[in-house]
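First the structure, in the form of structure tokens, and then the observations on it.
The values are calculated or read from the model by the stated rules, or taken from the named source; none is laboratory data. All figures in this text were calculated on a predicted structure; none of them were measured in a lab. Neighbour counts run over all protein chains shown; Cβ positions are idealised from the backbone, glycine included. Note: areas computed on protein heavy atoms with side chains; ligands, DNA, RNA excluded. Shrake-Rupley method; radii C 1.70, N 1.55, O 1.52, S 1.80 Å.
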Amino acid sequence: MRYERPQTATQAAQLLANEPGLARILAGGTDVLVQMKAGMVTPDLVVDIKKIAQIGNIQSEEGGYRIGAAVSGAQLGEHAGVCAQWPGVVEAAQLIGSTQVQGRATMVGNLCNGSPAADSVPALVAANAVARITGPNGTRDCPVADIPAGPGRTTLTKGELITSVFLPARPQGAADAYLRFTPRTEMDIAVASAAVSLTLDAQGRCCEARVVLGAVAPRVVLVAEAAAALIGTHLEPPALDAMVAACRAACAPIDDKRGTVAFRTQVAGVLAKRAAVIAQTRAGAKS
Amino acid sequence: MAFDQNSKRIFKVVGSRPPRPDGVEKVTGRALYGADMTAPGMLSGAILRSPHAHARIVSIDTSAAEALQGVKAVVTSADFGVPDDEFLRDVQDNCMARGKVLYHGHALGAVAATSAAVAKQALALIVVDYEILPHVTDVDAAMRPDAPVVQEGRSLENVGPGLSQNVTSYCEFGHGDLDAGFDQADLIISRSFKTAATHQGYIEPHACLASLSADGRGDLWCCTQGQFFVRTLCAGILGIEASQLRVTASEIGGGFGGKTTVFIEPVALTLARKSGRPVKIVMSREEVFKATGPTVSSSMDIKIGMTREGRITAAQAQLRYQGGAFPCGTVEMGAQAAFAAYDLAAVQTQGWNVLTNRPKEAAYRAPGAPMAIYAVESVVDELCQQLALDPLAVRLMNAAQKGTLSSYGPTFDDIGLRATLEAAQAHPHYSAPLRPNQGRGLSCGFWFNFGGNTCVSLNINTDGTVGITEGNPDIGGSRASISLMAAEELGIPYDKVRTIVADTSSLGYNDVTDGSRVTFSVGLATIEAARSAIKVMCGRAARIWGIEEDAVIWEDGCAKPAGPNAGAFPPMSLAEIAAVSANTGGPIAGHFEVNADGAGVSFGVHLADVEVDPETGATKVLRYTVFQDAGKAVHPDYVEGQMQGGAVQGIGWALNEEYIYGADGRLQNAGFLDYRTPVASDLPNIDTVILEIPNPGHPYGVRGVGETPIVPPLAALSNAVSRAIGVRLNELPMSPPKVLGAIMQRG
Ligand SMILES: Cc1cc2nc3c(=O)[nH]c(=O)nc-3n(C[C@H](O)[C@H](O)[C@H](O)COP(=O)(O)OP(=O)(O)OC[C@H]3O[C@@H](n4cnc5c(N)ncnc54)[C@H](O)[C@@H]3O)c2cc1C
């Protein structure tokens, strides 16, 4: 096994592209090292990206924030600007693991590990976040929503790595929230989850919304019908009921040791409703 | 060893809370656990495990593994003998399958190599031809006459006809006329219950280092609850004499009953014998879940009759426990414990032990009792609910007490159940208000406790300090408690005493650290050893003073003349006597050996408040109070620790912990991610109330406290959740999907 610590994203992309065997990127390592220890993967090449310039930084950009791919959950939580603008994204990232895991785990690692239950992914999709990707043929931008391809798989091609994720600017009166259901309060994996990002107009009416579910399908689910149920309303009970129904209709979960189809479907609706109300309250407090 | 009747005794040291003697070593990482031992030339051992739930081993080809560079030995069942003794044969067959693999994860081969990586590589080179057989993992399915048979010919004659051979034994307890009793009832409730298998979940995986030289002498270091029993099993399996195998117990990272047998030790010794080198084996967490003993899973029917006033008129329990692929006797303990808390005119319990294609069960804190008492206490609570009676008052009305003929035969001596119930009734927790979606649950719990073979040496050092050598691994703070009792008896400060756990060559046989026996039995033996050392010291003082031995008494850590007639000599302290011991007859020591009786049963009562999220079925434990009779709390911190730890394990069992099997008979959750032991943030502080109703069988009144606290949480939680959601739940764990399902069915 080879271990490399390139100084630039281009070098990293080349190392990955040229590796004939199995390659893994090492960000926080809280997935990849655990998988190696368990014998689930035995990479021939490990590329540690943490020495790449800027990759560990959070920068303001066009009223939004560019989050480097090596930024840990703990670092994100200490950034006042991101916390104020994207509280739902921050709370999602900070649900990952424990204090120890927070010191290492990154949102991009969470995304690229490809788990349908990854906590930060629904919140990033609700935020309409965009990933910046470097590959052997240069750089491209891609909505986070289009990165997951299914359990353990992404749409990234050989040699590509994500260098940052961009959280766009947002108007006054906008906020987001993320909730997950786990049997335990910590050290657990989402059985169902929901992220809601919305914008309220001057009258407190919802004028923009994105509703996203996690752990209820092979990929994260953006539920357009659920968002539509909220838009133009004050999130009165009938609007919330319609949103919940749309969410449940969008669920296509599996029965497994972590939960049943019926349970996941039921709870996804409950979480979406609660997250919407939290986002509304946060947005109201801002406007 | 009777309770010291002069005991209006004011304890000076016993009952204090000195810092734990093993604390610094543990927090600084210096304590040596099972995996910390190394030896020159040591090899790494690894074990090949069955991917199938049930299969015939047609052939095993180890040639490629043996040929791999760095491999020094490969063993299969062919490298073991076949012990005549059936119990020993079962232990061995569980460590190394012979003929058939009986569960997913069952060991069937092992390798010793120069590194762990090579050993792992070698395992992959072992070629096994399996003939897959039908399997069964559910207890009720395994009892049906057409069920796949796990092992032939293991069923005892007392098992009635019409059942599968998987049913290995039957038992029955009770007294009185059931029909007459049920006739007197105003309300009879019959319910069926199921509980899942749960694992002890100790932090430290099993680990050992074995060496067996060409002259047949062996040394084994391992993480165990009982080095003497390990010696008995390993010497038996390897066919060596006990004197030739020295077993040393490491520091232990939890056991809870699960380390009372062997899994890897005979394998490591066999690899050591074959390779001629020391061999270390360390289990992974996955191996611990797959191949060490969880507790039994159960299926139970309970029927109880009650008068309108709350008096129980008759009670009946039928318990079916599966204990994995080898016979066990766990249901007997459940059947005896089920109704222990009640004074009943008519009671019957029946039990069936059943084989399945699961790992062999191992003891887990009060083995067999929590599930039976869960089912009984659930029905008692439902009767109280339906009759609109206060559940605590009903328990008090029916509580067993001194003189009660217990449901399992003996007549109780002094027991603390009533006092414990009264303490719960008087506690503010019992009357605190509850809000919507909240419920309060109550349950009694019971454990027999045990004494057993015990052997202690107490040495008076010439500098006035004291060393105690005992033979039971310290799981719950026993070294501190033993030192406290010695200091109390000798009249010296606690910090002058150090207690160590010795290897099997240093003492006579000590039973395993189980049955909540150590503080009771080793404590009792320590007190007696101290008394024998005191006798020697009084003799030495008498000799120095030139007076009769019986003219000397021991008081406040000093020998003193018994009275003015004995002479006017200044007291001689333990240190002064010890300093001159070489001139007065040589070293001073006390010993005591006993097969201790009179352990004294222990009762507890738990109160639990929960809140259930009506939309998700998630249960949050809001408040939890444990009331328990400790006889005498020697080191109250440790007693509280036992009460809290037992409650937490029981809460996990009640809410989320379970062995999950797929249709293929494979274990699906062999890790802490999906085997959901509670984490700290899942729990409130566990409040404790210690009661001290002296045990008549111990000089200081001590009762074991380690097991009783895991018994009540199952029903306390189930009763609380059932009351919170308005639907009775009859199955554990009460995981959120089940609770939400019940809520949605209720509508
Ligand atoms: C104890 C514990 C608790 C956990 N709890 C949770 C939890 O509650 N919720 C949850 O969602 N997850 C949880 N996880 C999983 C894990 O911590 C998260 O998925 C984490 O976000 C992964 O980030 P990382 O930086 O450690 O990724 P790494 O392990 O470094 O990488 C993960 C994967 O992503 C790839 N990758 C990493 N960076 C890039 C990049 N820049 N471009 C392309 N591919 C990349 C790697 O090749 C690898 O396949 C837990 C893990 C542990 C050990």
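Mind checking whether some residue in region B:389-412 is under 26 Å from residue B:294 (Cα atoms) and surrounded by fewer than 24 Cβ atoms within 10 Å (Cβ to Cβ)? So far as region B:389-412 goes, yes, one or more of its residues are under 26 Å from residue B:294 (Cα atoms) and surrounded by fewer than 24 Cβ atoms within 10 Å (Cβ to Cβ). For residues in region A:69-93 being more than 14 Å from the ligand (Cβ to nearest atom) and of a type outside the set (A, V, I, L, M), which is nearest to the chain's Cα centre (by Cα)? Checking each candidate, the answer is A:88.
The number of residues in region B:454-472 that are surrounded by fewer than 22 Cβ atoms within 10 Å (Cβ to Cβ), touching a residue at least 40 places away in the same chain (Cβ under 8 Å), part of a loop (DSSP other than H, G, I, E, B) and not charged (D, E, K, R) comes to 3.
Exactly one residue among B:546, B:508, B:563, B:567 is of a type in the set (Gly, Ala, Ser), assigned by TED's automatic domain parsing to the domain that holds residue B:471 and either in contact (Cβ under 8 Å) with a residue 24 or more places away in the chain or under 22 Å from residue B:701 (Cα atoms) (or both), and that residue is B:508.
A single entry from B:654, B:670, B:663 fulfils the requirement of being within 13 Å of chain A (Cβ to nearest Cβ), within 22 Å of the chain's Cα centre (by Cα), modelled with pLDDT of 95 or more and assigned to a loop (DSSP other than H, G, I, E, B): B:670.
Listed here are the residues, each with its yes/no results for (1) within 20 Å of residue A:54 (Cα to Cα); (2) within 11 Å of the ligand (Cβ to nearest atom).
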residue: A:134; (1), (2): yes, yes
residue: A:137; (1), (2): no, no
residue: A:140; (1), (2): yes, no
residue: A:143; (1), (2): no, no
residue: A:152; (1), (2): no, yes
residue: A:164; (1), (2): yes, yes
residue: A:167; (1), (2): yes, no
residue: A:172; (1), (2): no, no
residue: A:176; (1), (2): no, no
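Against the definition (more than 13 Å from the ligand (Cβ to nearest atom) and polar (S, T, N, Q)), how does residue A:8 come out, yes or no? In short, yes. Within region A:89-101, residues that are under 13 Å from residue A:127 (Cα atoms) sit with their Cβ atoms under 6 Å from residues that are more than 11 Å from the ligand (Cβ to nearest atom) and open to solvent by 20 Å² or more (accessible area, probe 1.4 Å), at 6+ positions apart or across chains, in these pairs: A:90/A:77; A:90/A:83. Of the residues making up region A:21-54, those that are without any contact (Cβ under 8 Å) to a residue 24 or more places away in the chain and near the ligand (Cβ under 9 Å from one of its atoms) are A:24, A:33, A:34, A:35, A:41.
A single entry from A:110, A:128 fulfils the requirement of being more than 8 Å from the ligand (Cβ to nearest atom) and not β-branched (Val, Ile, Thr): A:128. Would you check if there is a residue in region A:78-101 being touching a Ser or Thr at 6+ places or on another chain (Cβ under 9 Å) and at positive phi? The answer is yes, given that some residue of region A:78-101 is touching a Ser or Thr at 6+ places or on another chain (Cβ under 9 Å) and at positive phi.
Taken over region B:722-747, residues that are more than 14 Å from chain A (Cβ to nearest Cβ) and not in a loop (DSSP other than H, G, I, E, B) amount to 6. Only residues that are farther than 18 Å from residue A:89 by Cα, open to solvent by 10 Å² or more (accessible area, probe 1.4 Å) and among the aliphatic types (A, V, I, L, M) were counted in region A:142-168, giving 2.
Against the condition under 28 Å from residue A:257 (Cα atoms), out of contact with any Lys or Arg (no Cβ under 8 Å at 6 or more places or on another chain) and among the aliphatic types (A, V, I, L, M), how does residue A:33 come out, does it pass? Yes.
For region B:673-692: of the residues being of a type outside the set (Asp, Glu) and outside any loop (DSSP other than H, G, I, E, B), which is farthest from the other protein chains (Cβ to nearest Cβ)? Ranking the candidates gives B:691 first.
Being among the small types (Gly, Ala, Ser), over 22 Å from residue B:175 (Cβ atoms) and in contact with a Phe, Trp or Tyr (Cβ under 6 Å, 6 or more places away or on another chain) is not true of residue B:432. The single condition among (1) within 13 Å of another protein chain (Cβ to nearest Cβ); (2) surrounded by fewer than 22 Cβ atoms within 10 Å (Cβ to Cβ); (3) in contact with a strand residue (DSSP E or B) (Cβ under 9 Å, 6 or more places away or on another chain); (4) over 19 Å from residue A:95 (Cβ atoms) that residue A:222 does not meet is (1). Considering only region A:56-68, state which residues are acidic (Asp, Glu) and either assigned to a loop (DSSP other than H, G, I, E, B) or within 13 Å of the ligand (Cβ to nearest atom) (or both). Result: A:62, single match. Every test in (1) open to solvent by 60 Å² or more (accessible area, probe 1.4 Å); (2) more than 17 Å from residue A:124 (Cα to Cα); (3) not in a loop (DSSP other than H, G, I, E, B) is passed by residue A:53 save one, and that test is (3). Counting only residues that are outside any loop (DSSP other than H, G, I, E, B) and of a type in the set (S, T, N, Q), region B:32-70 holds 3 of them. Selection of region A:129-141 for residues being within 15 Å of the chain's Cα centre (by Cα) and either more than 21 Å from residue A:71 (Cβ to Cβ) or open to solvent by 10 Å² or more (accessible area, probe 1.4 Å) (or both) yields A:130, A:132. Looking only at region B:693-719, residues that are among the hydrophobic types (A, V, I, L, M, F, W, C) and in a loop (DSSP other than H, G, I, E, B) come to 4 in all. One residue alone among A:25, A:67, A:58 is open to solvent by 10 Å² or more (accessible area, probe 1.4 Å) and over 15 Å from residue A:113 (Cα atoms), and that residue is A:58. Go through the residues of region A:94-103 one by one and say whether even a single one is open to solvent by less than 10 Å² (accessible area, probe 1.4 Å), more than 16 Å from the chain's Cα centre (by Cα) and in the same structural domain as residue A:32 (by TED's automatic domain parsing). Checked against the condition, which is being open to solvent by less than 10 Å² (accessible area, probe 1.4 Å), more than 16 Å from the chain's Cα centre (by Cα) and in the same structural domain as residue A:32 (by TED's automatic domain parsing), region A:94-103 yields no hits at all. A count restricted to region B:577-614 and to residues that are free of Cβ contacts under 8 Å to residues at least 24 places away in the same chain and either of a type in the set (A, V, I, L, M, F, W, C) or open to solvent by 20 Å² or more (accessible area, probe 1.4 Å) (or both) stands at 1.
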